[in-house]
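> Can you keep this structure in mind? I'll have questions shortly.
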Amino acid sequence: YYDNMTFSTSAQNEVYDFDRIRDAIVLANSITRADYVRDTKGNTGTGVKIGIVEAVGIPDISNEYLTSSSLIIRPGDTGSDDHATAVALIFAGKGPNGVSFGLVPNAQLYCAHTPKYSTFVEAIEWMISSGVNVINGSLENASNYGTYDNMSKWVDHIAAQHDIHCVFVSGNDPDAMN
């Protein structure tokens with residue numbers, strides 16, 4: 001079953017305005033005071049490794065608001081995607097003038113494109129071996145929406161066994177909620 005399972009995301013085929021995303025992140029940071037923690041307390045993500053697992057592609061390393069030195073793409077993964085780029089901006093966005101607006105602009109981002117279960121497992125194992133502290137994923141298995149299946153149990157095992165915080169999509173599919 002899992003070998004043939006494919007992932008989806010509600011973000012597929014969306015078009016992003018990166019200037020608006022930057023502005024939204026700046027506003028959210030000021031409301032939540034994440035900018036205070038980042039700028040005043042110095043929690044900029046230095047030494048933090050964040051895994052980004054996406055069903056639709058990898059961040060665009062040529063995006064003007066990303067520093068390519070903070071992006072590590074899993075070998076063999078290609079195909080940039082606006083959603084993956086937007087997620088990377090939330091974590092590590094920096095303006096062309098060098099001013100940070102991402103939550104943890106000095107974090108290293110380990111990015112993987114995982115359209116199928118087999119590549120998802122490989123991506124997570126690559127991230128574990130790379131020493132990530134957090135794994136973020138905007139992908140879902142729509143056929144098992146709302147169930148605690150074996151893959152969910154495996155991700156919980158990864159979190160407990162390797163002391164990695166795992167944050168995955170929850171409720172991105174409005175059709176599944178109805």
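We did not get these values from a lab; they are worked out from the coordinates using the rules stated. Small disclaimer: the values here were computed from a predicted structure and weren't measured. A quick note on method: Cβ atoms are made from the backbone with ideal geometry, for glycine too, and the neighbour counts reach across all protein chains shown.
> Extension gain S129-K41, at 0.36 nm per residue separation less the Cα-Cα distance, in nm?
Working it through step by step, the gained length comes to 28.7 nm.
> I need the trypsin sites (Lys or Arg not before Pro) found in segment 23-73, filtered to DSSP loop residues with at most 15 other beta carbons within 10 Å of theirs.
R33, K41
> Considering only the other residues whose Cβ falls under 11 Å of the Cβ of S130, what net charge follows from Lys and Arg at +1 and Asp and Glu at -1?
Local charge sum for S130: +1.
> Placing +1 at every Lys and Arg Cβ and -1 at every Asp and Glu Cβ, with all other atoms neutral, what dipole size does segment 47-139 have around its Cα centre, in debye to the nearest 20?
In total the dipole reaches around 220 debye.
> Between W154 and S30, what length in nm is gained on full extension when 0.36 nm per residue of separation is reduced by their alpha carbon distance?
41.1 nm
> Past 25 Å, Cα to Cα: identify those pairs from K49/K116; K41/K153; K94/K116, in the order given.
K41/K153; K94/K116, as the Cα separations exceed 25 Å there.
> Separate question: Between N97 and R20, what FRET efficiency comes out of the Förster formula 1/(1 + (r/R0)^6) with R0 = 22 Å and r the beta carbon distance, rounded to 0.05?
Taking R0 as 22 Å, the efficiency between R20 and N97 is 0.75.
> Choose one of G42, S69, P59: the residue whose Cα lies farthest towards the positive end of the charge dipole of segment 26-69 (beta-carbon charges +1 Lys, Arg; -1 Asp, Glu; about the Cα centre).
Towards the positive end, the residue furthest out is G42.
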